[in-house]
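**Student:** This structure is in structure tokens; I'll ask about it shortly.
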Amino acid sequence: VLKVIGGKAYLAQLANDVPTSANVETYGKMIRALSAKRELISVAGRITDKAFDEGLKAEELLDMAEQEIFSLSQKHLKSIPISLKEILTASFDRLDELQKRGSGLRGLASGFSSLDNMLAGMQDSN
């Protein structure tokens, strides 16, 4: 029976591919991005429909299109406000951590001193 369903390797792959709550933030961002695309498709459809309306002037259509797209971008590009206190606290905590480390590197040492000097160590984005 195991061979019929794909073997042990297939079962292991299924177990690894199961969504977990550890990735909930990533999944949320994906859903939000896809939602923005769906709304943009809808707005584009309305703009296209209005473009065939001969009673509507080009300037009016452009104004309406601009307003709808701007509104959509404002809805989906809003960032969560962060207080200056939170930013400064995080910055000072990071500076304190770097000072305690004493190596002069902001990131992790790579083991190659010339590379570490250029990059200040390996950063999260590396």
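**Student:** Which chymotrypsin sites (Phe, Trp or Tyr not before Pro) from region 23-80 combine a DSSP loop assignment with at most 14 other Cβ atoms within 10 Å? List each step's numbers first, then the result.
**Tutor:** Details: sites: 27, 52, 70; in loops: 52.
Answer by residue number: 52.
**Student:** What does region 1-78 give for Rg and for Dmax, in Å, if only its C-alpha atoms count?
**Tutor:** 22.2, 68
**Student:** Can you work out the Karplus-derived ³J(HN,Hα) for every residue in region 42-51? Use 6.51 cos²θ - 1.76 cosθ + 1.60 with θ = phi - 60°, whole Hz, and x for glycine or proline.
**Tutor:** 5, 4, 4, x, 5, 5, 4, 4, 5, 5
**Student:** Need one number: convex hull volume per residue for region 3-48, Cα atoms only, in Å³. Spell out each step's value before the answer.
**Tutor:** Working: hull volume 4.3 nm³, N = 46.
Looking at region 3-48, the number lands at 93 Å³ per residue.
**Student:** Can you return the lysines within cross-link range of residue 100? Criterion is Cα-Cα under 28 Å, with same-chain partners fewer than 8 residues away left out.
**Tutor:** Result set, ordered by chain and number: 85.
**Student:** Based only on other Cβ atoms within 10 Å, what is the fewest-to-most ordering of 39, 25? Mind showing how you got there, number by number?
**Tutor:** Numbers: 39 15, 25 9.
Ranked by crowding around the Cβ, least crowded first: 25, 39.
**Student:** Output ³J(HN,Hα) for region 2-10: one whole-Hz value per residue in order, computed from phi by the Karplus curve 6.51 cos²θ - 1.76 cosθ + 1.60 with θ = phi - 60°, and x for Gly and Pro.
**Tutor:** Karplus values, whole Hz, x for Gly and Pro: 4, 5, 4, 8, x, x, 5, 4, 5.
**Student:** Name the GluC sites (Glu not before Pro) in region 54-93 that are in a loop by DSSP and that have at most 13 other C-beta atoms within 10 Å, would you? Walk me through the numbers on the way to the answer.
**Tutor:** Numbers: sites: 54, 59, 60, 66, 68, 86; in loops: 54.
Here the sparse-neighbourhood loop sites are 54.
Only the coordinates and a few stated rules stand behind these numbers; no lab work does. Predicted model only: the values in this text are computed from it and were never measured. Every residue, glycine among them, receives a Cβ derived from its backbone with ideal geometry; neighbour counts consider all protein chains shown.
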